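Colleague: Right, I'll just put the structure down here and ask away after.
The values are calculated or read from the model by the stated rules, or taken from the named source; none is laboratory data. Model, not experiment: these values are computed from the prediction. Cβ sites come from the backbone with ideal geometry, for glycine too, and all protein chains shown count toward neighbours.
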Amino acid sequence: MSIGKLNHFNVAFTDRSKRSSKYSGYRLSQIPEPDGELTRIGPGTICGEYFRRYWHPVAMTRQLGDLPKLIRIMGEDLVLFRDRSDRLGLVHRHCPHRNASLEYGMCEDRGIRCCYHGWLFDVDGTILEVPGQPIKVSQKICGTLRLGAYPTREYKGLIFAYMGPPEKQPEFPLYDTFDLPEMEMVPYTAHYRCNWLQVLDAIVDPIHTSFLHSRASRPQFSQQLGELGVLSFYHRPLRLIGLNTRRVNDHIWARVNEMVFPNFTQAGAAFATDGTAVRYFGRSAFTRWVVPVDDHNTVALAWANFGERGDPPQYNTADGPELIEQGEVIDRSYEERQRFPGDAEAVEGMGPISVHKREHLLPSDKGVAMLRRQLKNELHELKQGNEPAQPMQILPTPVPTYGSDTVLRLPKKEDADDSSYLQAVGDKIMDILFAADRFTGAQRDEWLFQQLKDLETRGSV
Ligand code: FES
Ligand SMILES: [Fe+2]
């Protein structure tokens, strides 16, 4: 689908009586309830159950020292710790004896010991010791009680957890971008004070890059991203893709945003390209999960990708990942946030949980509509007892992803509509990316590069 230029946004709303009269504040002042089914993720909610079928990052390795760390994920207060045998534990915060918080516990050779009366817990929640009690009592407690605990996996500086039913624990997903040659993957985290779905929405809303990140205040990535270009959206098993194809002088720049359900996201580079030089399948600036902290807080846990295929190594600084994540550094004055808003301002400004009934979705919001529709389907299926698909079950290994920039030297064609040309080239590039799924690693890149070069040489689709 193409949205072309700005005049496509001048749509007429059907319900004119409510929206077109002047000074309509009073009539529009009643605010509907948010969509609780899609947004609430605490224990026992349907969306919470759905999220609890997947692995999610919950912290960065560098956030965890020799002391336990209190974290909150999907509305659960948890304690993450590393025992003195270097084993990770992720357990419920409160001790099952009398609810003392294990954030004040002692990491031991095996497990964590509650500070209050010394109960000792293994990383899997097994109670190992109940000191100071008759042996029979202690044995009974150890044999019958458990501390809530979740399996963890540490990978390249991120700590992941699976918080669902143990018998449904899926394989840890391996994506192609986990292992790109000569890429430095730098873990980072960004906190958003709002519901996870409005943070995730942005990835399937590629046109916000032209406004928020370019036209609204200042070019946060590159001036050329302010060019609107044309949009296409694709739905593949477990995946949604938003493609924005722009003209930059004699070049066509196809930038691919993607998500894998429920919350894995990648896009093009932040700073590696401005569309003025040829680039074949440059990879995502970030490999990122949008993780609910609770219904009103979200954390992006991610790697920023630096190298030839990612962002330039000079952005591998203290602020670099934040700039890549949302266009501006996160911790700054209110005035600066007003003058130069980034993603945090855009999505937090919607309120703790954005009310979808107040929105007016337009053609450029097609990705957002697709995401919500598919999420509703996933929740409906789970309610019927049908377990959600896992990337490692239904996709090749490693899972091929598409978040990328491709810039081809393809000047405007005389006597041809350039928007249609951009659309056709963008769609062709996606055809090539999808067709490359049958290859992996260097072979995939080699095949892709050749196909993209051929397309550039041909100049026609
Ligand atoms: S509250 Fe933890 S051992 Fe008593
Ligand atoms: Fe953004």
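Colleague: Select from segment 338-355 the residues that are assigned to a helix (DSSP H, G or I) and crowded, with 17+ Cβ neighbours inside 10 Å and write down the one among them that is nearest to ligand 2 (Cβ to nearest atom). Spell out the reasoning first.
Modeller: Our first condition is that a residue be assigned to a helix (DSSP H, G or I); within segment 338-355, this holds for 338-339, 343-348.
From the residues that got through so far, the ones that are crowded, with 17+ Cβ neighbours inside 10 Å too are 343-348.
Values: Asp343: 4, Ala344: 10, Glu345: 11, Ala346: 7, Val347: 9, Glu348: 13 Å.
Checked segment 338-355; the qualifying residue nearest to ligand 2 (Cβ to nearest atom) is Asp343.
Colleague: Could you grab the pairs with beta carbons closer than 6 Å, sequence gap of 6+ or different chains, first residue in segment 179-207 and without any contact (Cβ under 8 Å) to a residue 24 or more places away in the chain, second one surrounded by fewer than 22 Cβ atoms within 10 Å (Cβ to Cβ)?
Modeller: Cβ pairs passing all conditions: none.
Colleague: Here's something else I'd like to know. Limited to segment 358-408, what total is found for residues that are of a type in the set (Gly, Ala, Ser), in contact with a strand residue (DSSP E or B) (Cβ under 7 Å, 6 or more places away or on another chain) and closer than 16 Å to Phe264 by Cβ?
Modeller: As a first pass, look at segment 358-408 and keep what is of a type in the set (Gly, Ala, Ser): 364, 367, 369, 385, 389, 403-404.
Checking the rest, the ones that are also in contact with a strand residue (DSSP E or B) (Cβ under 7 Å, 6 or more places away or on another chain) come to 364, 367, 403-404.
From what's left, closer than 16 Å to Phe264 by Cβ: 367, 403-404.
Summing the residues that are of a type in the set (Gly, Ala, Ser), in contact with a strand residue (DSSP E or B) (Cβ under 7 Å, 6 or more places away or on another chain) and closer than 16 Å to Phe264 by Cβ in segment 358-408 gives 3.
Colleague: Okay, next question. State whether one or more residues within segment 95-107 are farther than 30 Å from Ile330 by Cβ, within 16 Å of ligand 1 (Cβ to nearest atom) and surrounded by fewer than 16 Cβ atoms within 10 Å (Cβ to Cβ).
Modeller: Here is the first cut: in segment 95-107, the ones farther than 30 Å from Ile330 by Cβ are 95-100, 105-107.
Pick out the ones that are also within 16 Å of ligand 1 (Cβ to nearest atom) and you get 95-100, 105-107.
Right, trim to surrounded by fewer than 16 Cβ atoms within 10 Å (Cβ to Cβ) and you get 98-99.
Within segment 95-107, one or more residues are farther than 30 Å from Ile330 by Cβ, within 16 Å of ligand 1 (Cβ to nearest atom) and surrounded by fewer than 16 Cβ atoms within 10 Å (Cβ to Cβ).
Colleague: Any residue in segment 334-361 that is assigned by TED's automatic domain parsing to the domain that holds Asp201 and under 23 Å from Pro34 (Cβ atoms) sitting within a Cβ distance under 9 Å of a residue that is basic (Lys, Arg) and surrounded by 15 or more Cβ atoms within 10 Å (Cβ to Cβ)? List the pairs, counting only those 6 or more apart or interchain.
Modeller: Qualifying pairs under 9 Å: Ala344/Arg337; Glu345/Arg337; Ile353/Arg40; His356/Arg372.
Colleague: Further question: Return the total of residues in segment 42-81 being over 17 Å from His92 (Cα atoms) and either basic (Lys, Arg) or surrounded by 19 or more Cβ atoms within 10 Å (Cβ to Cβ) (or both).
Modeller: 8
Colleague: All but one of (1) under 30 Å from Ile73 (Cβ atoms); (2) surrounded by 20 or more Cβ atoms within 10 Å (Cβ to Cβ) hold for Arg236, so report the exception by its number.
Modeller: Arg236 satisfies every listed condition except (2).
Colleague: Checking the conditions here, which among Tyr162, Tyr150, Tyr50 is among the hydroxyl-bearing types (Ser, Thr, Tyr) and touching a helix residue (DSSP H, G or I) at 6+ places or on another chain (Cβ under 7 Å)?
Modeller: On the way: Tyr162 fails: touching a helix residue (DSSP H, G or I) at 6+ places or on another chain (Cβ under 7 Å); Tyr150 fails: touching a helix residue (DSSP H, G or I) at 6+ places or on another chain (Cβ under 7 Å).
After applying the criteria, what remains is Tyr50.
Colleague: Ok, one more. Which one of Val130, Val79, Val137 is within 16 Å of ligand 1 (Cβ to nearest atom), under 28 Å from Pro321 (Cα atoms) and not acidic (Asp, Glu)?
Modeller: Details: Val130 fails: under 28 Å from Pro321 (Cα atoms); Val137 fails: under 28 Å from Pro321 (Cα atoms).
So the residue among Val130, Val79, Val137 that is within 16 Å of ligand 1 (Cβ to nearest atom), under 28 Å from Pro321 (Cα atoms) and not acidic (Asp, Glu) is Val79.
Colleague: Which condition number does Met163 fail, the rest of (1) more than 25 Å from Pro313 (Cα to Cα); (2) not assigned by TED's automatic domain parsing to the domain that holds Gly148 being met?
Modeller: (2)
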